[in-house]
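The values are calculated or read from the model by the stated rules, or taken from the named source; none is laboratory data. This one's a predicted model, so the numbers in the text were calculated from it and none came from an experiment. Cβ coordinates were reconstructed from backbone atoms using ideal geometry, including for glycine residues, and neighbour counts include every protein chain displayed. What goes into the accessible areas is simple: the full protein's heavy atoms, side chains included, and nothing from ligands, DNA or RNA. Shrake-Rupley method; radii C 1.70, N 1.55, O 1.52, S 1.80 Å.
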Amino acid sequence: MKNPLKNLFGKKEKISEQWPSEEKVDREVIGQWNILTFYSMEKDPKRSETVFKMIAEESEDCTVILMDYNQREQIQGSENVGFIYDAEYEYLCRSHIKQVITVGKRCYDYKMRCLLAGVQKERINTAFQTNDAAELVKLSDVKNICFVMSPSTRFEVEQIRTKLTVRMKKGEDE
């Protein structure tokens with residue numbers, strides 16, 4: 001007799017086998033802008049901090065779009081969000097980071113963490129709806145757009161990238 005649990009759940013690949021190492025950064029050039037995609041892991045403060053440090057070491061002006069948590073996750077009042085406070089968001093206070101856009105259901109939690117880290121209020125934008133994030137990017141202020149994403153946010157990041165690409169190709173610089 002076959003194992004009913006194996007048939008029910010099937011075999012899953014480990015995310016670590018299909019997900020890039022934390023040092024990996026994808027780069028795409030569109031006109032005068034660079035889109036950089038940094039790979040984080042949901043609720044992994046060490047990996048998030050590594051990504052923030054990499055962004056802080058960039059020298060050109062940039063916008064950070066923070067989407068490193070499960071967008072489909074049900075937010076419940078008792079959920080532990082301590083992982084947000086275990087990473088050093090202070091790296092995002094660097095003067096070349098012109099804008100931090102927090103996206104999705106946890107956007108206000110991430111905004112609060114950025115504020116506590118000392119990121120200036122004027123530099124933080126929130127987009128509860130993924131569709132609104134691309135319009136918040138101030139293209140005239142930056143050369144780089146840095147996505148911080150996790151495995152579960154690939155689809156949402158692709159939506160934002162597509163909208164940004166359209167804006168960039170039109171030469172918008174608002």
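Here is how the numbers come out for the structure above:
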quantity: Across Lys53/Lys169; Lys24/Lys170; Lys43/Lys111; Lys53/Lys170; Lys105/Lys143, pairs whose alpha-carbon gap is larger than 25 Å; calculated: Lys53/Lys169; Lys24/Lys170; Lys53/Lys170; Lys105/Lys143
quantity: Förster radius 30 Å - calculated FRET efficiency between Gln32 and Glu90 (Cβ-Cβ, nearest 0.05); calculated: 0.55
quantity: Estimated inter-spin distance, Glu60 and Arg154, nm [label 7 Å along Cα→Cβ]; calculated: 2.7 nm
quantity: Protection proxy ranking of 99-105, 81-87 - average other beta-carbon atoms within 10 Å, highest first; calculated: 99-105, 81-87
quantity: Residues listed by number, the stretch 35-59, amide nitrogen under 20 Å from Lys24 label point at 7 Å toward C-beta; calculated: 35-55
quantity: For Glu122, net neighbour charge (Lys/Arg +1, Asp/Glu -1) across residues whose Cβ lies under 12 Å away; calculated: +3
quantity: Net charge over other residues, Cβ less than 12 angstrom from the Cβ of Asn131 (K, R count +1; D, E count -1); calculated: -2
quantity: Residues with amide H under 5 Å from that of Phe128, placed H, sequence gap 5 or more; calculated: Gly104
quantity: Under the Debye formula (equal points on every Cα, no solvent term), log10 I(q)/I(0) of the stretch 30-174 at q = 0.09, 0.13, 0.18, 0.20 Å⁻¹; calculated: -0.24, -0.50, -1.00, -1.26
quantity: Accessible-area value, Val25, 1.4 Å probe, nucleic acids and ligands omitted, Å²; calculated: 40 Å²
quantity: Total formal charge among the other residues, if their Cβ is under 13 angstrom from that of Lys111, Lys/Arg +1 and Asp/Glu -1; calculated: +3
quantity: Efficiency of FRET from Cβ geometry, Lys53 and Glu79, R₀ 30 Å, rounded to 0.05; calculated: 0.70
quantity: Amide H contacts of Phe147 (H built 1.01 Å from N, under 5 Å, at least 5 apart or other chain); calculated: Leu36, Thr37, Phe38, Ile65
